[in-house]
Amino acid sequence: MLGDDMCHREVEFADLQSNVRNKVLAVYALDPSVWATALMTGSGTAAVEAMITSLVPSDGKLLIVENGVYGERISRIADRYAIANAKLTNAWQDPIDFDALRHALESDPGITHLAVVHHETTTGRLNNLAPLADICRQHGVSILLDAVSSFGAEAIDFQQWPIVGCAATANKCLHGVPGTCFVVVDRQALTAGSARNLYLDLGAYVTAQDQNGTPFTQSIQTFYALDEALDELVDAGGVEERRNLYERRMRQIRKLLRELNIVPLLNDEDCSCVLHAYEIPEFTNYQQLHDELKTAGFVIYAGQGNYASSIFRISMMGEISDSDIKRLRNALTKALTG
Ligand SMILES: Cc1ncc(COP(=O)(O)O)c(C=O)c1O
């Protein structure tokens, strides 16, 4: 982040931007003649909003899969822009109901796109996308994927799944800093005139960035950080190794918490490698647990919505050492031994 400040209209910035765009595609070995990175200044929600408002054509219809806060946020975006949509609503703790999905697509042939969250951070669930992708392919439906909290650490099959847009951010599994987000977009899905928002127009970003420009001023220092973070991901062995690393850390914490009689919200096989949720035991409450752990140097996350006072969440993203994990284990043991 302490690289030289520079003008976003100069060739030095164009080089940085173009390197980052290519490195983002390289994370999943994507062909730049088929895919483009639209690199933007904003948080993950900006990328999701850009994807939803740019990639559903005016005569298209979006089916939104909801099983948590972030699926519901996609619905709020679609409703706010009056994008024709239908919702497939599941309880937050539940997996996607594939029979209901089949039924929704069969009963409404007008549906052209489906939006879904990959890792639904509300509960830590990694939505099972392979069967969903099969059903979408059978119905000729394109997928818009919110991969904000999975890109870089979970498998995304861009070849087999009919994905046309994938929104993500620099500061989660890629280990950049907040301020840069992006959408990986199938170039063929960019149809002129379908954007509903001026600032978040994916087509405008791709056109300008393909020509070494940018439609708006970018957050240059956070681009530096993402550029470096993408190199570090390669050095660390790529997506699979990052997944293994997060999983190793997560397993240790999950095992400890089980020994302390703390109940995980979801079964092991349903969880992402990135974040797990646990029920708060009766002898304490979120605020007390949070404060005790914060004093020991760790920040946990509260649940959202109905889960606000019943669960806490622990994430394994970032530069975490074995000794950090050891300290966390000690802190959790102290705070959760009732
Ligand atoms: C799956 C998912 N989508 C979207 C977002 C929103 O990202 P941001 O807070 O960076 O706007 C988050 C944030 O945690 C997320 O986990």
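The values are calculated or read from the model by the stated rules, or taken from the named source; none is laboratory data. Only a predicted model underlies this, so the values are computations on that prediction, with no experimental measurement involved. Every residue, glycine among them, receives a Cβ derived from its backbone with ideal geometry; neighbour counts consider all protein chains shown.
Among the conditions (1) touching a residue at least 60 places away in the same chain (Cβ under 8 Å); (2) surrounded by 15 or more Cβ atoms within 10 Å (Cβ to Cβ); (3) at negative phi, the only one that G179 does not satisfy is (3).
Just one of the listed residues (F151, F158) is crowded, with 21+ Cβ neighbours inside 10 Å, among the hydrophobic types (A, V, I, L, M, F, W, C) and within 22 Å of D210 (Cβ to Cβ), namely F151. For the stretch 77-99, does any single residue satisfy the condition of being within 16 Å of the ligand (Cβ to nearest atom), assigned to a strand (DSSP E or B) and not aliphatic (A, V, I, L, M)? Scanning the stretch 77-99 turns up no residue that is within 16 Å of the ligand (Cβ to nearest atom), assigned to a strand (DSSP E or B) and not aliphatic (A, V, I, L, M).
Among residues of the stretch 34-66 being assigned to a loop (DSSP other than H, G, I, E, B) and within 11 Å of the ligand (Cβ to nearest atom), the one that is farthest from Q304 (Cα to Cα) is G42. Checking every residue in the stretch 120-142 against the condition of being away from the ligand (no atom under 13 Å from the Cβ), crowded, with 22+ Cβ neighbours inside 10 Å and under 25 Å from F216 (Cβ atoms) gives zero matches. Hey, G193 hits all of (1) modelled with pLDDT of 95 or more; (2) on the phi > 0 side of the Ramachandran plot but one; which does it fall short on? It is condition (1) that G193 fails. Among the residues in the stretch 260-281, are any assigned to a helix (DSSP H, G or I), surrounded by 14 or more Cβ atoms within 10 Å (Cβ to Cβ) and hydroxyl-bearing (S, T, Y)? So far as the stretch 260-281 goes, no, none of its residues is assigned to a helix (DSSP H, G or I), surrounded by 14 or more Cβ atoms within 10 Å (Cβ to Cβ) and hydroxyl-bearing (S, T, Y). Can we say R242 is modelled with pLDDT of 95 or more, under 20 Å from the mean Cα position of the chain (by Cα) and part of a helix (DSSP H, G or I)? So R242 fits the description; yes.
All of S150, S194, S219 fail the test of being within 16 Å of the ligand (Cβ to nearest atom) and more than 19 Å from the chain's Cα centre (by Cα), apart from S219. Of all residues in the stretch 300-328, which are over 25 Å from E241 (Cβ atoms) and β-branched (V, I, T)? If the condition is that a residue be over 25 Å from E241 (Cβ atoms) and β-branched (V, I, T), then I300, I311 are the ones that fit.
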